[in-house]
Amino acid sequence: MESNSAPSSKLYRVALSFCGVSALLTIIWPKEIAGLTRTATGFVFETFGWFFLVSVSAFLALCIWLAFSRHGRTRLGDPDSKPEFSTVSWLSMLFAAGMGTGLVVWGTAEPMYHLLKPPSGTPGSLEAASQAFLITNFHWGIHAWAIYGIGALVLGYFSFVRGGAYLPSTPIRLGFKGAWTGGVGTAADLLAIFAVTFGVAGSIAMGTLLVHSGLHSVFGVPMDSLGVDLAILSVLFLSYMASATTGLEKGIRILSNVNMFVAVILIFVLLALGPTWDLTVGFFSNLFEYGASLIPLSITVTPFDASPQWIGDWTLIYFVWWIAWTPFVGIFIARISRGRTIREFVIGVLVCPTVFSIFWFSVLGGIGTHLQLSGARDFTQPLKDDILGLVYPVLESLPMGTLLGSVATVLVFIFLVTSVDSATFVLGMLTSDGDLNPGTDRKLAWGVVLGLLGGAFSLAKDADVIKVLTIAGAVPFLVILLVQLVAFLKALREDEPQQE
């Protein structure tokens with residue numbers, strides 16, 4: 001295997017130290033750090049927001065072209081290699097790593113927010129409800145998975161076809177020539193580490209707050225208790241650290257399959273207990289409207305006739321959020337995708353998770369929307385009081401509401417354990433010269449840092465602040481992603497005679 005990677009020990013020490021110091025500073029000065037980060041990202045969004053929107057749409061177009069072009073037959077690995085994992089396990093692992101906790105956190109909250117506070121139109125109207133689901137699906141659908149897909153595809157190609165080290169720097173070091181590739185490659189690895197660490201820490205914070213909301217809803221524990229937050233973080237820490245010692249084949253694979261099993265059972269139970277016919281019709285309607293709006297949404301920089309402020313607070317935040325997770329999810333998806341063709345990879349990564357996400361939001365968000373529009377419940381105040389925990393008032397409105405709330409809380413927790421366990425695995429790879437099976441000591445060291453940074457973020461107790469902190473390491477990674485992409489297209493052209 002050819003490797004031009006930076007020395008892993010130095011990279012490991014620098015990255016671990018920086019992330020550890022960031023965690024301590026955020027614990028000491030949470031408001032100041034959040035304010036500084038918000039100012040910096042606000043400037044970037046105001047100046048380059050259009051570039052992020054255009055880039056993401058270009059990623060989607062490129063994925064579709066790759067799937068249906070002659071390159072779709074190219075296999076990630078030797079021509080006769082076979083997939084390492086079954087299709088079900090593969091889809092479960094990539095979905096659990098890519099979305100997971102966020103689906104439960106925002107499954108009700110985002111459609112309800114856009115229903116009651118639409119970017120345009122009349123709040124609480126049927127038109128606002130239809131637009132709310134379109135907005136949500138736009139943020140969580142195929143564009144998000146196109147970002148993940150490009151990041152994973154580039155790395156998988158250079159690792160499994162070109163035989164390079166399993167690092168974000170590899171496409172740059174192997175795809176180009178010149179002394180500049182060394183410095184830019186090291187920067188790519190460092191930015192990837194920072195993006196993964198901050199992105200996963202944000203999910204830990206949101207997940208912790210949601211689990212706390214669930215315990216408050218089901219068992220009545222006080223919402224303002226720091227002790228409860230610390231207890232949740234402690235149990236989470238012990239759980240993912242224990243799983244991190246078992247490796248990819250056991251801990252992550254088993255947890256991912258459990259995640260998907262519980263999630264599928266829960267969503268179909270909710271479908272049965274809720275207004276089943278309306279939710280089913282709503283799913284197909286949302287799917288059709290999303291498909292019909294996909295091209296118009298992809299070629300505009302002002303979706304939904306929204307203000308620049310709204311686009312910055314929602315669409316741009318989401319797209320940069322997915323970019324923040326790309327070094328993590330992309331590396332992880334690539335790692336579990338060896339042996340699959342580019343066509344199989346793209347269809348699996350883009351289509352299956354997107355359809356399931358639309359179904360999830362149509363059911364979970366649809367129940368809340370039905371209650372709000374029918375006048376059975378008014379979620380205006382719960383949305384204002386605890387947007388992350390809005391799922392619980394909605395579940396309480398159904399039969400067996402307490403049991404459903406308990407299951408949702410357990411699901412969030414398992415998703416969290418899976419995501420953080422996967423992140424320790426990826427960070428261990430990034431700081432071990434791309435080792436496909438990193439040592440337990442490095443995984444556990446990163447587990448400690450993620451726990452500290454996630455705990456620091458959770459102190460903010462504000463969804464908007466957590467969002468901003470989550471993307472802190474991601475904004476510059478878009479440039480790295482574009483450079484990787486150029487190297488990938490160049491390599492495809494160079495390797496084409498061999499592939500034929």
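Coordinate-derived values only; no laboratory data. This is a predicted model, so every value here is computed, not measured. Note that each Cβ is placed from the backbone with ideal geometry, even for glycine, and that neighbours are counted across all protein chains shown.
Per-residue Cβ neighbour counts within 10 Å put Glu46, Glu84 in the sequence Glu46, Glu84, beginning with the fewest. In this structure, Val262 and Trp180 have a Cβ-Cβ separation that, at R0 = 56 Å, corresponds to a calculated FRET efficiency of about 0.70.
To the nearest 0.05, what FRET efficiency results for Ser120 and Val448 with a Förster distance of 56 Å applied to their C-beta separation? According to the calculation, E is roughly 0.75.
Scanning the chain for DSSP H helices at least 15 Å long along the axis (C-alpha atoms) with a Kyte-Doolittle mean no lower than 1.6 picks out 226-244, 253-273, 401-430.
Among Tyr148, Tyr318, Tyr12, the order by Cβ neighbours within 10 angstrom, fewest to most, reads Tyr12, Tyr318, Tyr148. The value of relative contact order for segment 8-499, using C-alpha pairs under 8 Å at least six residues apart, is 38 percent. Extension gain for the segment Asp78 to Lys31, taken as residue separation times 0.36 nm less the Cα-Cα distance, is 11.8 nm to one decimal.
Using just its DSSP H runs of length 4 or more, each adding -39500 (n - 2.57), the chain gives a mean residue ellipticity at 222 nm of -26000 deg cm²/dmol after division by all residues. Bridgeable lysines around Lys384 (alpha carbons under 19 Å apart, same-chain partners fewer than 8 residues away excluded): Lys117, Lys461, Lys467. Modelled spin labels at Val269 and Val351, positioned 7 Å past Cα toward Cβ, are 3.1 nm from each other. Under a 5 Å amide H cut-off, with hydrogens placed 1.01 Å from N, Thr341 pairs with Leu76 among residues at least 5 apart or on other chains. The peptide list 282-294, 229-241, 423-435, put in order of mean Cβ contacts within 10 Å with the highest first, becomes 423-435, 229-241, 282-294. Gain on full extension, evaluated as 0.36 nm per residue between Glu396 and Arg493 minus their Cα-Cα distance, stands at 29.3 nm. When Phe133, Phe488 are arranged by Cβ crowding within 10 Å, least crowded first, meaning fewest neighbours, the order is Phe488, Phe133. Distance between the C-alpha centers of segment 93-171 and segment 189-220? Whole Å please. Between the Cα centre of segment 93-171 and that of segment 189-220, the gap is 17 Å.
Taking 7 Å steps out from each Cα toward its Cβ at Arg377 and Ala40 produces label points 3.9 nm apart. Taking 0.36 nm per residue of separation and subtracting the current Cα-Cα distance, fully stretching the chain between Leu230 and Ile299 would add 20.4 nm.
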